[in-house]
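Report on the structure given below.
Any read-out appearing in this document is the output of simple, stated calculations on the displayed coordinates, not a laboratory observation. All values derive from a computational prediction rather than experimental measurement. With ideal geometry, Cβ positions are generated from the backbone for all residues, glycine too; neighbour counts draw on all protein chains shown.
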Amino acid sequence: MTDLLQNLAFGFGVALSPENLLFCLIGVLLGTLVGVLPGLGPVATIAMLLPITFTLPPVAALIMLAGLYYGAQYGGSTTAILVNIPGESSSVVTCIDGHMMARKGRAGSALAIAALGSLFAGCVATAVVAVFAVPLVRVAGSFQSPDYFGLLVFGMVAAVVLAQGSIVRSVAMVVLGLFLGLVGTDIASGQTRFTLGISALADGIGFVPVAMGLFGIAEVISSLERRALAPHHIEKITRLWPTREEARQAWPAVLRGTSIGSILGVLPGGGALISAFAAYVVEKKIAKDPSRFGQGAVEGVAAPESANNAGAQTSFIPVLAMGIPPNPVMALMLGAMTIHGIVPGPKVMTERPDLFWGMIASMWIGNLMLIIINLPLIGIWVKFLQIPYRWLYCIIIVFCCIGVYTVNNTTTDVILMAVFGLFGYLLTKIRCEPAPLILGFILGPMLEENFRRALIISRGSWWVFIERPICAGFLAVSCLFLVAVLLPGIRKGREVAFKEG
Amino acid sequence: MADERQPRLVERADLWSGLLFVALGALVLWIGADYPQGVPRRIGPGYVPRLLGVLMLGLGSFLAVRSLWAHEPIDTTIAWRPAACVLGSVVAFALVFEASGLVPAILVTVAIANYAVPDNRWTTAVGLGTVLALFAWALFVKGLRLPLPVWFK
């Protein structure tokens, strides 16, 4: 306990330095700004703004990136409430009751409840990260290659099962992602693989062009197709504070949302999206009068908003403790760490305590900043909402191009982004989700490396994956998940859970 | 009539995704055929890709067969104009940037992307392009000091 407090005090010392404070603020501000714009989720936001952090020292860069993330997360809710367009996928459920509240003239209280709920959830979740990261790092330290292999498989299976869309297609997308992650030079043998004779691919396909292509460029084409061009109707904000009655209704929902989000965020495949969905469904289930939902129920805003922020925060645990990203956003954070020369994994905490604890402490501060910049400055964000999409998409494209180029200073990556943009657009046409692909992509090299090492330890016997209890446990649970989700009863439940949102 | 509402075989998502993954799996196995597989205790660069290729082939075949009774439809509309303009503008950025630098690349990119929306006038492209070029120059080159070529050398 004293250790924890000492560590946190140390972290606050790092995060409260004027420089880091400034970058946290810039991150939160920029994140909110881009997050408010419809059609740009956190993945695209972080990928687009990644180059801004290149010239910073690693600690400041990661603090800023974390700020970007929850800024974007919160900005998306503002858009959801005021114009009924989810700024990003995890605010889809906020649209339902949040926008209804706004139409009934309670936009201000919806925004305030979302913000205060998020702040509370963020604080709790940050504490959860601080408490659980240390023991998890210790556990991860005792893991051997077969165990890591099992954990990676479990992560991917859980990600597929907990996400939307056809299971088999998603599994296939993970496998394709794993393969794409292997393109380039094999570390063990030095052989270049699948480069099709393109020398720029010898270092592998870059993560940023793939992510930006699939989540940025493809999304722009889809938005243009959906004719997202018409000027949106933005609801008026009258008073910012919730009434006593609304606060009384919101409070327990915030608590429930926070617990759900904190737990689901840690799970592989979890994070903001699934947390928000689950919290909404739970509220609806336990409500005395479920028919209020969809008509502007306060709990329908409070619970998912707290849950998605809590989930966003706790999804840092597997990244910081084990170097395994539970969702695409975290995969991007992991990529960013690598760009800054940090090898993610259990060693980060012991070798770079300033980075580890500084980042955790900065989340606390960043959440407070979010409230300050969001409630009083809401008028400014509304102005950004009014930028018509027929200008916005050109701006997005230009920033994507510059962002991708600056990662490696090569135009090959820009072309690659166009290729994956086209691929991503076509994939959505045949109903394949791009998220599993990106997860597989980032895990591919890790999976191969641990697979290789496990077979070296076992002298070539596949039994090693069953003989080691930790690995066998992970693999067994993965199988259980896959079998369970294919059972008719549970499959129906899963489909309903996503539809209700 | 329930039958009429069912999408035809060629409009089913599982068929297309199945064919896609079969093709990709086969491609992986074909290109990867030359990479040494190694022995299990010391696997070569071809081992894991081959495994993934077989998996893709298997999953793809399963999907293709399942399409016989799984009716989820594909989205048959393709937004040719937005797709062509957006992708074209990105490729143009790469080419123009390589040849002449940041500012011309932004101007050309915006000019092409602008055509994705029929109502956009050329004046929008000029105005937006100029503002963006100035902003990007101020932010990335002056502010962040990234080593980007700005204008024709």
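What the table shows:
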read-out	value
20 Å reach of a label modelled at A:VAL477, 7 Å along Cα-to-Cβ, counting backbone N of the stretch A:161-183	A:161-164, A:171
Interchain or long-range residues, amide H under 5 Å from A:ARG193's placed H	A:GLY184, A:THR185, A:ASP186
Computed [θ] at 222 nm, deg cm²/dmol, chain A (DSSP H ≥ 4; -39,500 (n - 2.57); rounded to nearest 500)	-24000 deg cm²/dmol
Residue (of A:ALA250, B:LEU57, B:TYR47) at the positive-pole extreme of the protein assembly as shown, dipole from beta-carbon charges	A:ALA250
Backbone HN-Hα couplings from phi across the stretch B:35-44 [Karplus 6.51/-1.76/1.60, Hz, Gly and Pro as x]	6, x, 7, x, 10, x, 6, 9, 6, x
Calculated FRET value between A:THR55 and A:ALA200, using beta carbons and R₀ = 25 Å, to 0.05	0.55
Electrostatic dipole magnitude of chain A [Cβ: Lys, Arg +1; Asp, Glu -1; Cα centre; debye, to 20]	1100 debye
Highest to lowest packing among A:452-463, A:301-312, A:166-177, scored as the average C-beta count within 10 Å	A:301-312, A:166-177, A:452-463
Sequence ranges A:108-117, A:16-25, ranked by mean other-Cβ count within 10 angstrom, highest first	A:108-117, A:16-25
Prolate/oblate/rounded call for chain B, Cα gyration tensor, a/c under 1.5 rounded	oblate
Chain B - charge dipole about Cα centre, Lys and Arg +1 at Cβ, Asp and Glu -1, debye rounded to 20	620 debye
Chain A: angle of helix A:92-101 to the longest principal axis, Cα-based, in degrees nearest 10	10 degrees
Signed unit charges on C-beta, dipole axis of the stretch A:239-363, positive-most listed residue A:VAL298, A:MET322, A:SER259	A:VAL298
Test item: B:98-111 mean partner chain Cβ contacts at 10 Å	2
Residue list for the stretch A:114-145, given a label point 7 angstrom along the Cα-to-Cβ vector of A:ILE286 and an amide N cut-off under 12 Å	none
Degrees, to the nearest 10: A:272-286 long Cα axis against longest axis of chain A	50 degrees
5 angstrom amide H check on B:ARG12, placed H, neighbours 5+ away	B:ILE74
Signed unit charges on C-beta, dipole axis of the protein assembly as shown, positive-most listed residue A:PHE54, A:THR94, B:ALA138	A:THR94
Integer Hz, Karplus 6.51/-1.76/1.60 couplings in order for the stretch A:54-64, x for Gly and Pro	4, 7, 8, x, x, 4, 4, 4, 6, 4, 5
Net length gained if the chain between B:THR130 and B:ASP75 were fully extended (0.36 nm per residue, minus Cα distance)	16.1 nm
Trypsin sites (Lys or Arg not before Pro) lying in DSSP loop within the stretch B:1-75, provided at most 13 other Cβ fall within 10 Å	B:ARG8, B:ARG41
Cα long-axis angle, helix B:80-100 against chain B (0 to 90 degrees, to the nearest 10)	60 degrees
Simple Cβ-charge dipole of the stretch B:2-66, Lys/Arg +1 and Asp/Glu -1, about Cα centre, in debye nearest 20	320 debye
Whole-Å distance, taken between Cα centres, linking the stretch B:1-59 and the stretch A:51-101	36 Å
